[in-house]
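The values are calculated or read from the model by the stated rules, or taken from the named source; none is laboratory data. Every value quoted in this text rests on a predicted model; they were computed, and no experiment measured them. So basically every Cβ, Gly included, is an ideal-geometry build from the backbone, and we count neighbours across all protein chains shown. Protein only, heavy atoms only, side chains kept; ligands, DNA and RNA dropped before computing areas. Shrake-Rupley method; radii C 1.70, N 1.55, O 1.52, S 1.80 Å.
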Amino acid sequence: QLVESGGGLVQAGGSLRLSCVVSGRTFGPYAMGWFRQAPGKEREFVAAIGAIGGSIYYADAVKGRVTISRDDAKKMAYLQMNSLQVEDTAVYYCAATTRDSASRNSRDYSSWGQGTQVTVSS
């Protein structure tokens with residue numbers, strides 16, 4: 001089970017840190033990902049991190065503004081988002097895969113959280 005937290009309302013230019021706690025399974029070595037879905041749009045990839053020492057990927061839309069990280073001891077994954085833009089408004093989902101390599105493809109992820117709302121105002 002994955003549970004996200006840290007979403008909220010923030011002004012453009014602000015920052016948020018999303019957290020995802022993994023319970024009920026061995027945390028690693030599993031790759032983790034963050035995806036988002038805006039109203040009326042399909043779910044899209046945001047960032048992914050591989051197992052310990054693995055690769056990290058970012059979507060072009062967030063590259064340079066977002067940092068994904070993990071703490072295997074705490075069974076947590078994080079998404080630090082800076083310089084937020086109105087276009088970043090969406091429900092953000094944490095996902096886990098049994099693969100050890102990061103993936104941009106949502107179909108590679110078998111476990112999903114319920115999502116946390118991020119709203120960026122202008």
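Selection of region 43-80 for residues being open to solvent by less than 60 Å² (accessible area, probe 1.4 Å), modelled with pLDDT under 95 and charged (D, E, K, R) yields Arg70, Asp71, Asp72. Based on this model, can you work out whether Ala31 counts as open to solvent by less than 10 Å² (accessible area, probe 1.4 Å) and at pLDDT below 95? Yes.
Those residues that are touching a Ser or Thr at 6+ places or on another chain (Cβ under 7 Å) and charged (D, E, K, R), I need them from region 87-108; list them, please. Asp108 - this is the single residue of region 87-108 that is touching a Ser or Thr at 6+ places or on another chain (Cβ under 7 Å) and charged (D, E, K, R).
Whether any residue in region 81-96 is at pLDDT below 95 and surrounded by 14 or more Cβ atoms within 10 Å (Cβ to Cβ) is what I want to check. Yes, region 81-96 contains a residue that is at pLDDT below 95 and surrounded by 14 or more Cβ atoms within 10 Å (Cβ to Cβ). Each residue in region 84-101 was checked for being farther than 17 Å from Gly7 by Cβ and of a type in the set (Gly, Ala, Ser), and 2 pass.
Among the residues making up region 104-121, those that are small (Gly, Ala, Ser) and modelled with pLDDT of 95 or more are Ser106, Gly113, Gly115, Ser121. Scanning region 1-20 for residues being modelled with pLDDT under 95 and crowded, with 17+ Cβ neighbours inside 10 Å gives a total of 1. Of everything in region 97-107 that is farther than 17 Å from Gln37 by Cβ and either in contact with a helix residue (DSSP H, G or I) (Cβ under 7 Å, 6 or more places away or on another chain) or free of Cβ contacts under 8 Å to residues at least 24 places away in the same chain (or both), the residue that is least open to solvent (accessible area, probe 1.4 Å) is Thr97. Counting only strands (runs of 3 or more DSSP E) that sit wholly inside region 1-86, those with at least 3 residues that are touching a residue at least 60 places away in the same chain (Cβ under 8 Å) and more than 22 Å from Ser106 (Cβ to Cβ) are 8-11.
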